[in-house]
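Worksheet: the structure to be examined is printed underneath.
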Amino acid sequence: MAGNMTAESAADLGLCVKDTAIQFTEQLLSLFYILSPLDHTKDHAKDVPNYEVALFPAAGLLVVLEQIIRFFQKKDLSRFQDIVVNIGSLLLFTLTRAILLGVVVVVFSYIYDNYRIVDLPLHSVWTWLFSLLLVEFTYYWTHRALHEINIFWAAHQFHHMAEDVNITTTIRDSVVDLVLYDIFPMPLAVIVPPPILIVHIQFSLIYQIWLHNEVVGHLGPIEYIINTPRQHRVHHGKNPYCIDKNYGALLMIWDRIFGTYQEEKEKIVFGVVSPTPNTFDSMTLQFGYYRDVAKKFNSVDGIGNKLSALFKGPGWGPGKPRLGLLKEVPEPDPAAPKYSYDPFIPLWRKFYVLLHGTIVLVAFIQLADHPYILYSALKGFAGMLYIILFLTSIGAIFDGRKFAPILEIIRCLVYFPVDYYLVDSVKWAIDDNERFVLYSSLWMIRVSHILSIMFWLGYALFNKYEEPSTPKVKDVEGLDVLAKPADSRYEQILFALGLLTLFVSFGFVYTYNIDSCKHVTHAV
């Protein structure tokens, strides 16, 4: 009897490993737009998955691989706080996508059903390829508009503020960007069947995940047609020769046709020309530039100039051409510090953010694409508000704001009604084993929030919360230079354990959602 149970368990494990490997490989390939047109063409637009949520684990692997390659190439690793800000923006972006996807399906289907001008065969590779070309063409002009129209640049500049280009930079997008990416392709619905159109709209963004890195060099003749990291690095440069270049997503043909293609030349300095706010607060970074747009609008006279302040380029001014003067863009100093804002943040704060970030991220993966969220605007909105509060709180912790302990206590207290509204009050259609996993996890998370409240109460009462700073020391020539205090070995071990917890949690959640792995994860 025991032997039969052992054999059955081994068979379950083998099937679980096989299915996990197949699914993960397919997801990894799809990040590079390598996917079967026929398999991914659904009969109805409402059946198209939210690929941006489904591909989280595969994208996470690219993040880890990139950092490993940077280590062996002796490049600086990406800053933890930047990765947190980038992933935080992804949560807002993707949750908005999950909520809007239903609206997009309805609108695109309505346009197609009532105003289409041609009937293309749905399950056809040629329709798939033709649609891809149309979506890429539309994306090129959408992306170009985000750079060349100041009121749109106010949303998109958050993406370009990144002074280190890495895989997570891809997901550093604002919610306004997403809305524009969904609005601009609407006219295509008179030609393209919505089940195909919605797939390509998603993958035109998903493909760009691997473009954001500094570890991949020249890829040869393929670059004449396909966008690659080397070409996209130019797009993120603030060197004068990089400004307003290389807008393509998958294809570079439109840049070559319309005169915006640029080869990589001298060392590229990443970021934006205008000053970057000295903060890690996501809301300030995402929406702060609208204040600059308003200042420009109020500073010019006449309705013509005021409209130009909104709808011409960020570099425009009275008497200047539509996009401003390129000669006014300063040449960046490659020897200058990489980051304009780089305060010292103790490792224990990073560990704390890593712990609670893991909780939010795992919960997000489980809930963001769930019907209880998709078909409840109130639940989706509640989740979005909580994520905004979470990002604001960790931004304050990173910035060392005096109000950070109080804000984090409030955030931990707010977790409990959010927990009840989004999870505990729902009658989940799950079996007893799944219910045990759910509620065991919830109680561990609740205890962690109670302990966090106690910690921050003690910290606020008995410690002076000093703002992070980078002290000065003397170099070999006796000049003042910036130096960062070293983290203790204990803090480093603690942070490493936090990273291990993150990977184990992701691995468990990923396999748990594969049907053939249910028995294995329940046994664990």
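The values are calculated or read from the model by the stated rules, or taken from the named source; none is laboratory data. As the structure is a computational prediction, the values presented were derived from the model and not from experiment. Heads up, the Cβs are rebuilt from the backbone with ideal geometry, glycines too, and the neighbour counts pull from every protein chain shown. The protein model used for the area step is the full one, side chains on, heavy atoms only, and it has no ligands, DNA or RNA in it. Shrake-Rupley method; radii C 1.70, N 1.55, O 1.52, S 1.80 Å.
Worth pointing out:
- Within the accessible area of segment 347-464 (1.4 Å probe), percent carbon and sulfur: 73
- Gain on full stretching of the segment that runs from ASP432 to PHE403 - 0.36 nm per residue minus C-alpha separation: 6.1 nm
- Taking 0.36 nm per residue of separation and subtracting the Cα-Cα distance, full extension of the segment from LYS295 to PHE416 would add 39.5 nm.
- Amide H contacts for LEU251 (H built 1.01 Å from N in the peptide plane; partners 5 or more residues away or on another chain; cut-off under 5 Å): ASN227.
- Backbone HN-Hα couplings from phi across segment 227-235 [Karplus 6.51/-1.76/1.60, Hz, Gly and Pro as x]: 6, 10, x, 4, 6, 6, 4, 4, 4
- For ARG349, ARG116, the ranking by accessible surface with the largest value first comes to ARG116, ARG349, using a 1.4 Å probe.
- Considering only alpha-carbon pairs that sit under 8 angstrom and 6 or more positions apart, the relative contact order computed for segment 99-235 is 31 percent.
- Nearest-0.05 FRET efficiency for VAL215 and ASP424, computed from C-beta distance (R0 41 Å): 0.40
- Of the residues LYS267, LYS238, the one with the largest accessible area comes first in the ranking LYS267, LYS238, computed with a 1.4 Å probe on protein heavy atoms.
- Both numbers refer to the Cα atoms of segment 212-253; Rg and Dmax are 10.0, 26 Å.
- Across all C-alpha atoms in segment 347-464, the radius of gyration and Dmax reach 15.2, 49 Å.
- Using a probe of 1.4 Å on the protein chains alone, the accessible area found for PHE24 is around 50 Å².
- Per-residue SASA entry for MET454, accessible area with 1.4 Å probe, Å² rounded to 10: 120
- Within the full protein context, the accessible area of GLU264 is estimated at about 60 Å² for a probe radius of 1.4 Å.
- Ordered by 1.4 Å accessible area with all protein chains kept, VAL64, VAL105 run largest first as VAL64, VAL105.
- For segment 347-464, the relative contact order works out to 27 percent when only alpha carbon pairs closer than 8 Å and six or more residues apart are counted.
- Sequentially through segment 208-219, phi angles give Karplus couplings (6.51, -1.76, 1.60; θ = phi - 60°) of 6, 4, 6, 6, 8, 7, 10, 9, 9, x, 5, 10 Hz, Gly and Pro residues having no value and appearing as x.
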